Amino acid sequence: MTPGADQVAAEEPLEIRLVHGGEERPLGVTMRTPGADPDLVRGWLYAEGAIREAGDLLDLSEWREGELATPNVVRVRLRSGFAALERLSRQTFTSSACGVCGAGSIERLAVRARPALWTRPPLSPELVCSLPGRLRAGQPLFAVTGGLHAAGLFTPDGECLAVREDVGRHNAVDKVIGWALTGGRLPLGDHILTVSSRAGFEIVQKAALAGVPVVCAVSAPTSLAVQVAESFGLTLLGFVRGERFNVYSAPERLQP
């Protein structure tokens, strides 16, 4: 055994609080890697139905409580006020990270999912196979820790628009969608979401809500993820490694 130092991925709690009319109520706590926290909160609020557009979030502020070196509390003020609490309790989706989901979740998802629009030529296999490498190029924290997931948003030409890292794969996707929401890019027709992890229900759910037509995963999809992709017309690709990948739904967006 050789003594030495190693860099590990940061994981800290982030509490989200809703402020309205001089009152403050907790929305939830998530474990995340600090960085792009405003994007994370915006993406999470959007995915859970608390906001539908950037203007629904009136204010967002960060601060630090306790002995942590980074801000660990985010206070948000929403146009809907505390009515968002009821919406969150009705529409929050569960995942393998926090519970069990099924047909009921898919039915609720159908109420809010965006059309998966694709107006560009079919994607070449070569471009698809290049996406994990392009994603890795935007993962500086993974390069030094080896312990983070990533999500990246790409154009049909393979241009990388945004990459976000996090210990939670769903957090990384929320960060990317929060970035897109702030920039007025939603719905994300003609975009590709690439993730460094497996494609579980929560990943494809968030893609469907944001109108993403193509989801590319380095690892395997789950059965429910495939079911959601088929239901909402998403092209779901898995095991994108080296010079091969599997196509699980909507193959028409790929060159034969």
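The values are calculated or read from the model by the stated rules, or taken from the named source; none is laboratory data. Everything numeric here is computed off the predicted structure, so don't read it as measured data. Every residue, glycine as well, gets a Cβ built from its backbone with ideal geometry; the counts of neighbours run over all protein chains shown. The protein model used for the area step is the full one, side chains on, heavy atoms only, and it has no ligands, DNA or RNA in it. Shrake-Rupley method; radii C 1.70, N 1.55, O 1.52, S 1.80 Å.
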Q.
In Å², and per residue, what accessible area does the chain have when probed at 1.4 Å with the other protein chains present?
A. 45
Q. How much length is gained if the chain between S219 and D56 is pulled fully straight, taking 0.36 nm per residue apart and subtracting their Cα-Cα distance, in nm to one decimal?
A. 55.2 nm
**Q.** the stretch 174-247: GluC sites (Glu not before Pro) in DSSP coil with no more than 14 other Cβ atoms inside 10 Å
**A.** E243
Q. What are the radius of gyration and Dmax of the stretch 1-95, computed over its Cα atoms and given in Å?
A. 15.8, 59
Q: Please provide three numbers in whole Å: the alpha-carbon extents of the stretch 143-256 along the principal axes, with the largest listed first.
A: 36, 32, 27
Q.
What's the longest uninterrupted piece of the chain once you rule out the trypsin sites (Lys or Arg not before Pro) that are loop residues per DSSP with at most 16 other Cβ within 10 Å?
A. 80-256
Q.
Taking 0.36 nm per residue of sequence separation and subtracting the Cα-Cα distance, how much length would be gained by fully extending the chain between E15 and F82, in nm to one decimal?
A. 22.4 nm
Q | Alpha-carbon radius of gyration plus Dmax, which is the widest Cα pair, for the chain in Å | A | 18.2, 59
Q: Select from G233, N246, S223 the residue farthest towards the positive end of the dipole of the stretch 199-256; place +1 on Cβ of Lys and Arg, -1 on Cβ of Asp and Glu, and compute about the Cα centre.
A: N246
Q: Within the set of other residues whose C-beta is less than 12 Å from the C-beta of M31, count the net charge using Lys and Arg as +1 and Asp and Glu as -1.
A: -3
Q: Quick one: pull the percent of accessible area on the chain belonging to carbon and sulfur, 1.4 Å probe, ligands and nucleic acids left out.
A: 52
**Q.** Taking all pairs of distinct alpha-carbon atoms in the stretch 109-184, Kirkwood radius in angstrom
**A.** 13.9
